[in-house]
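The values are calculated or read from the model by the stated rules, or taken from the named source; none is laboratory data. Just so it is clear, the structure is predicted and the values come from calculations on it, not from any experiment. No Cβ is skipped: glycine too gets one built from the backbone with ideal geometry, and neighbour counts run over all protein chains shown. For the accessible areas, the whole protein counts, side chains as well, though only heavy atoms, and no ligand, DNA or RNA atoms are used. Shrake-Rupley method; radii C 1.70, N 1.55, O 1.52, S 1.80 Å.
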Amino acid sequence: MSWLTPLILTSILFLQLKCRGQGQIQFVLYTDTKVMDRDQDMNMASDFFFSPLKIEADDGNVLRRIEITSKRFWNVQSLNLTKIPELKAPITVDLPTDKDVHVDISVWDYDGFVHKNENDFVRNMTDMEIAFYEKYAGEDWTETVFTNTDGDGEASLTLKYKILECDVGFTGAGCNSCAENYYPAGQCIKFCEPETNRYTCTSEGEIQCLENYYPAGQCTKFCEPEANRYTCSPEGEIRCLENHYPARQCTKVCKPQTSKHICTSDGEMQCAEDFYGEDCSKLCEKSDNYDCNQEGSKVCRKNFYPEGDCTVICIENSSFTCNKKGQRICKDHYYPPGNCTVFCEETSSFSCDQQGQRLCKDDYYPHGDCTVFCTETSTFTCSEKGLKVCAERRKGLDCEECDSHYFGDSCSVFCKPRDGFYCSEKGDQICMDKTADPDKDCKKSYNNMIIGVTLGGILLVLVIVLMIIKGVKKRRRSRILKDFETNSYMVFTTSRAIDKVPPAALQGDSEGIYATLRTRRSVNDLVEIGDYELVEPIVSQQSKGVDDEEAICDQVPGQLTLVPNLQ
């Protein structure tokens, strides 16, 4: 019902706001003899304004409200209201249904800044009823004057009013009457136009069907009941009386003789459900297993057996058919009889028993599978799974090899190599010293051979070491010769830095190839490795007369010339 709530509220609001037409009010003149100005030099005049001005229905619903009109120093006793901006144009209002309209004003005197904006209250004029209920739509203005003598002086308000138009469904004076075919009175919201020979309208505007017209609210179908044959439904359909057939005609009478008989929709007598035979005395209740024929006998439905009983289900498929008793008849290669759920087709490796189990033929394994072929030989037998089981002292994928230390076609010869001999392919002992007699002792000659091999190995190692040393020496000499071939001469200083000096310097001033030596160790390092030698020592003044090279090197820093040793 929640979805209906907005619709209901909308309908209620529509009814509350429903009006009977539109009217206009023109405010013309306000006159007041009550003098409010405090300045007696103002010719006994006032500066009137309204706050508020209201146009209301008599139920209190405000149709129009002006909070305050313009305030000016009019300085008049009679104020022309058509000069006030808020009242210059006529005010249009909706005329509420079944409600009168009146005007209320509160009159003030404007003092402005002269008296600190302390405006003076003049008077209230209320409940000034506008007689819209006397006017017809389209008529000219009607002028009326309202007076008020409350308090000092007398006031009057002149205004005009008229009705512009009535809303749909309304007419007459004040638009207070329903137009033709509009209902209900006072609301005039529903249109209903009576149609001759079909329907009239109620006071609420509802369609009321004439006699024999249906359905209610539409009256589009004529149905006149006929005694002893039919009546009419609310929809205007012919409804046959009991035992009258066929529907909507009711021209045939059919009354069942017993509970075993019924009447068809055409009014023909026939057996009731589950009863068969000429006199409808045979009972046969249909089920999922069988149907019933005209005589009341069971007729098995598809896949149900045997005929007349229909209690056995048998659904043929690719593995079996069904006989008349509903028993399974196995097709080729399906087992066991009566079940037919096992497929078994004989091949070269197996046959099938009555249960559909595989019976392995010779040399096929394992039992029940028969997919592995295995024929026993002298070198292996076959396990239950058809795997080769090697004979004693044999190994290999096909048992073609002898176990370790066994030889011969039947792997019956044992021979295990020991010190001094090995075994032939046939298992014979063969001495490593071919001069020895295997029938006597291979071991002694074998030991002598080992000693000889060891000494030979040591000698070979020494030769290899000498060759490596000689090779190193040769590579160093080759490098020195290469230095001279590239026209450079190596000179070493005590800091081991290497300077390249042209060989031509050797033939000129010897000072060009001197190397300064500060310690004896630096000279020994160069000389002892055999790559360089000392030539023509040149010493300082302190070391003159000393012949020994080592002594020279022990002196204070002097000079020595070094050349490559090519020997």
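Things worth noting here:
- A 1.4 Å probe, protein heavy atoms only, puts the accessible area of TRP108 near 80 Å².
- Using a Förster distance of 41 Å, the FRET efficiency for ASP369-ASP288 (Cβ separation, nearest 0.05): 0.40
- A 1.4 Å probe, protein heavy atoms only, puts the accessible area of SER156 near 30 Å².
- Summing charges over neighbours of GLY396, with a neighbour being any other residue whose Cβ is under 13 Å away from its Cβ, gives 0 when K and R count +1 and D and E count -1.
- Using a Förster distance of 56 Å, the FRET efficiency for VAL453-THR381 (Cβ separation, nearest 0.05): 0.70
- Shown are SER46, SER51, whose ranking by accessible area with a 1.4 Å probe and every protein chain present, most to least, is SER51, SER46.
- Anisotropy class of the stretch 46-170 from Cα gyration tensor, a/c 1.5 cut: prolate
- Accessible area of LYS361 in the full protein assembly, 1.4 Å probe (Å², nearest 10): 80
- Whole-number accessible area per residue in Å² for the stretch 45-113, which is evaluated in the context of all protein chains at 1.4 Å: 44
- Against the criterion of solvent-accessible heavy-atom surface with a 1.4 angstrom probe, VAL453, VAL93 sort, most first, into VAL453, VAL93.
- Under the shape rule built on the C-alpha gyration tensor, where the axes satisfy a ≥ b ≥ c, the stretch 193-238 is prolate, since a/c reaches at least 1.5 and a/b is greater than b/c.
- Length gained when the stretch THR149-GLN249 is fully extended (0.36 nm per residue, less Cα-Cα span): 27.5 nm
- Ordered by 1.4 Å accessible area with all protein chains kept, TYR136, TYR230 run largest first as TYR136, TYR230.
- Cα centroid separation, the stretch 314-334 to the stretch 70-105 (Å): 106
- Taking every protein chain into account, the accessible area of the stretch 257-315 amounts to 67 square angstrom per residue (probe 1.4 Å).
- In this structure, the pairs whose alpha-carbon distance is over 19 Å, taken from LYS298/LYS324; LYS395/LYS426; LYS298/LYS331; LYS99/LYS162; LYS135/LYS190, are LYS298/LYS331; LYS135/LYS190.
- Accessible area of the stretch 152-208 belonging to carbon and sulfur atoms, whole % at 1.4 Å probe: 42
- Computed in the context of the full set of protein chains, the accessible area of the stretch 346-427 at 1.4 Å probe radius has 49% of its extent on carbon or sulfur.
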